[in-house]
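Colleague: This is the structure I have questions about; it appears just below.
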Amino acid sequence: MGSTINLASVGGLLIVLYLAVSKWFSPRPLTNIRGPPRPSSIFGNVVELQHQPDAGELEFEWISQYGEACKIAGPFGQDLLMLADPKALHRVFQASGYRYPKTHDANQAIRLMMGRGIFWAGGNDHKRHKKVMNPAFDISRLRSFLAVFQRSAARLAEKWTKEINANSNDAVIDVTTWISRLMLDNIGEAAFEHQFNAVDAGGVGELSEAFNNLFTDSLLFPDKGTILFTCLLRFIPPDILHFVEYLPGRQVHRFRQFLSVSKQAARDGIKKRAKALSCDDQNKDILSILVKRRLDEDELLSQMATIMLAGHESTAMSLSWLLYDLARNPEDQKRVRQEVSRVKAQSANPDCLSDMDFDGMTYTNAVIRETLRLHPIAFMLPRVAATDDVIPLATPITTKTGERISKIPIKKGQNLYLAVYAYNRLTQVWGDDADKWNPGRFLGNPKDKEYTMGMFADLYAASVPGGVRGCLGNVISYLSIARKRADLICRLSFFSWRFAILELQATLVGLIERFEFSPPPGIEIQGAPAGNLIPVIRGRALEGRQLPLVITPLEKSTPI
């Protein structure tokens, strides 16, 4: 038996090597595009990228040196086209429909995590999934979730107050852990009308434990053996690749465990909903809507697993980074608190704010946008060209021959590396202080910003990774400047950006009016590359995601 397995392994390796060698000697259309040197013929620049301490900084360094379109080395001699140019990103995300899908190895990773849901689907399947999902996220239903978000924020505030009172009026609390539990509770109520009680139970429970450090355990700083394994997946035909889920390995095991647990939670929810629907057809939770749609059982379970992961992880990390930014900028924190107090004083129902109330918090929303710009959860995105194409550039680049070019012809099968983090720091888009915190850049008042927006600022909205494949994880990370353009783009998204933004707004308001946040001395936070941009303590990344802050309760009588 053992010899059979070894023979199969050797045979598979020979096939992969043949495909890799074929790639090596195939035409190289990016020959004259500049980029960093290839440190390894096997790994290319992959090890450097996956082991960089601060996610996105290496890409930004290369973009600054070689131009906003440059060549980086992929595994086994591949050339990857890295893009941060706004016009190029617009071409890929918005103007080309389904012509730039995810790479099939990236799609397999999504299938491992979330099953056969909308993130995994492509082409006509994606259109069908999107049609099924849209009714679950109409604006009236989303507004009904506001009360859920505000109750959850109040419950978390009570838990923090008890913990702080036990520590003499302030405490260092890992906000990522608690906010992750809070978002799980929100998804439970909104998606299932089910109480996971993750906040009250302190994270105890099979689903909470499956979520805990999912990406850190699976993707953070992988060893070379793991990187080699994942690099080989790109050369395996898609029809064979799905068998990878049966292989051992920390990434495969962790994702498989999460998918199993989340599907079981969805299965339990379906049984509960089926009984409720027989008596009352007015249920407003997402699952009740999807149960009525034409999906097979595995698609339905996968869809719910997708909602749980996408609606939980992205928003939890974004809110954690938001509190971190406000802790480091106390004047902006104070200004947000004052604005919240003013809006509540003018609201018809200050105990349960409406979406109009939240939209009226101009500076608060600018702060949210600035956090999403500086800390894009999906700091990079892989894509592949499904057809030959010509990618236009807003800023011409200089080739190895000294020629200045403003477009790059590419062939079908060309792999792209979309450097979102680097784009978010381009000075021609965001101004000279693009690498610094400045919420004023999103306000029209000249007193709130030190420069005029760059000529490509409006392309930021168009470069949102939404388009026909828009999703929460992408939209939440790249909220646009122009509200009307954002609405136009995000109507194409199945998982409305509005859900995530309402959740961010409601939770931030519920916490900022009760607590003051400040950074603990002697601790530095870095954004580590673990599939997403996750906060970890510098020098202690292997302990997993964490973002400790000093949290001090505000007395109700204290003027803000």
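Colleague: Cross-link list Lys87/Lys411; Lys162/Lys271; Lys162/Lys263; Lys162/Lys344; Lys102/Lys272: which exceed 27 angstrom alpha carbon to alpha carbon?
Modeller: Over 27 Å apart, Cα to Cα: Lys162/Lys271; Lys162/Lys263; Lys102/Lys272.
Colleague: Taking the highest mean first, how do the peptides 186-193, 265-272, 104-111 order by number of other beta carbon atoms within 10 angstrom per residue?
Modeller: Working: 186-193: 23.0, 265-272: 17.2, 104-111: 19.5.
Per-residue Cβ counts within 10 Å, averaged per peptide and sorted highest first, yield 186-193, 104-111, 265-272.
Colleague: Residue by residue through region 312-322, which ³J(HN,Hα) values in whole Hz follow from phi under the Karplus form 6.51 cos²θ - 1.76 cosθ + 1.60 (θ = phi - 60°), with glycine and proline marked x?
Modeller: 9, 5, 4, 5, 4, 5, 5, 5, 4, 5, 5
Colleague: Counting only the backbone N, which residues of region 39-58 are under 19 Å from the spot 7 Å out from the Cα of Arg328 toward its beta-carbon?
Modeller: 52-58, by backbone N distance to the label point.
Colleague: While we're on this one: How many nm separate the modelled label positions at Leu554 and Ser140, each set 7 Å beyond the Cα in the direction of the Cβ?
Modeller: For the pair Leu554/Ser140, the computed spacing is 3.6 nm.
Colleague: Mind computing the radius of gyration and Dmax over the alpha-carbon atoms of region 25-151? Å is fine for both.
Modeller: Reported Rg and Dmax, both Å: 19.4, 60.
Colleague: Classify region 131-223 from the C-alpha gyration tensor, please: rounded if a/c falls under 1.5, else prolate or oblate depending on whether a/b exceeds b/c.
Modeller: oblate
Colleague: For the residue pair Glu158 and Phe229, what label-to-label distance in nm results when each label sits 7 Å from Cα along the Cα-to-beta-carbon direction?
Modeller: With each label point 7 Å from Cα toward Cβ, the separation is 4.5 nm.
Colleague: Hey, another quick one. Report the full-extension gain for the segment Asp298 to Ile405: residue separation times 0.36 nm, less the Cα-Cα distance, to one decimal in nm. Show your work: numbers first, answer last.
Modeller: Values: separation 107, 0.36 × 107 = 38.52 nm, distance 4.80 nm.
Full-extension gain reported as 33.7 nm.
Colleague: If you take every residue apart from Pro519 with its C-beta less than 11 Å away from the C-beta of Pro519, what net charge results, scoring Lys and Arg +1 and Asp and Glu -1?
Modeller: Values: positive: Arg328; negative: Asp325, Glu524.
Local charge sum for Pro519: -1.
Colleague: Considering Cα pairs under 8 angstrom that are at least six residues apart, work out the relative contact order of region 503-559 and quote it in whole percent.
Modeller: Over region 503-559, the number comes to 37 percent.
Colleague: Next up: Order 372-379, 425-432 from most to least packed using the mean count of other Cβ atoms within 10 Å. Let's see the in-between values first.
Modeller: Numbers: 372-379: 23.0, 425-432: 18.6.
Highest-to-lowest ranking by the protection proxy: 372-379, 425-432.
Colleague: Same structure, new question: Where in region 393-410 does the amide nitrogen come within less than 15 Å of the point 7 Å from the Cα of Arg28, taken along Cα to Cβ?
Modeller: 400-401
Colleague: Something else: Rank-order 433-443, 156-166 by packing density, defined as the average count of other C-beta atoms within 10 Å over each peptide's residues, highest first.
Modeller: Packing proxy ranking, top to bottom: 433-443, 156-166.
Colleague: I've got another one for you. Using a Förster distance of 30 angstrom, determine the FRET efficiency expected from the C-beta separation of Asp351 and Arg540, and round it to 0.05.
Modeller: Working: r = 40 Å, r/R0 = 1.35.
Once the sixth-power term is evaluated, E becomes 0.15.
Colleague: Pull out a ≥ b ≥ c, the square roots of the eigenvalues of the alpha-carbon gyration tensor of region 41-80, then state rounded if a/c is under 1.5, prolate if not and a/b is larger than b/c, and oblate in the remaining case.
Modeller: Values: a/c = 3.27, a/b = 1.23, b/c = 2.67.
Oblate, since a/c reaches 1.5 and b/c is not below a/b.
Colleague: Is the shape of region 308-371 best called rounded, prolate or oblate, per the rule: a/c under 1.5 gives rounded, else a/b larger than b/c gives prolate, else oblate, with a ≥ b ≥ c the square roots of the Cα gyration tensor eigenvalues?
Modeller: Because a/c hits 1.5 or more and a/b fails to exceed b/c, region 308-371 counts as oblate.
Colleague: Fully extended, how many nm does the chain gain between Asp170 and Ala201 (0.36 nm per residue separation, minus their Cα-Cα distance)?
Modeller: Contour length minus the Cα-Cα distance gives 9.0 nm.
Colleague: Quick one: what are the phi-derived ³J(HN,Hα) couplings along region 192-201, Karplus 6.51/-1.76/1.60 with θ = phi - 60°, whole Hz, x for glycine and proline?
Modeller: Computed from phi, the couplings for region 192-201 are 10, 6, 10, 8, 6, 6, 5, 5, 5, 7 Hz.
Values in this text are rule-based calculations from the coordinates and carry no lab data. Only a predicted model underlies this, so the values are computations on that prediction, with no experimental measurement involved. Positions of Cβ are backbone-derived with ideal geometry, glycine not excepted, and every protein chain shown enters the neighbour counts.
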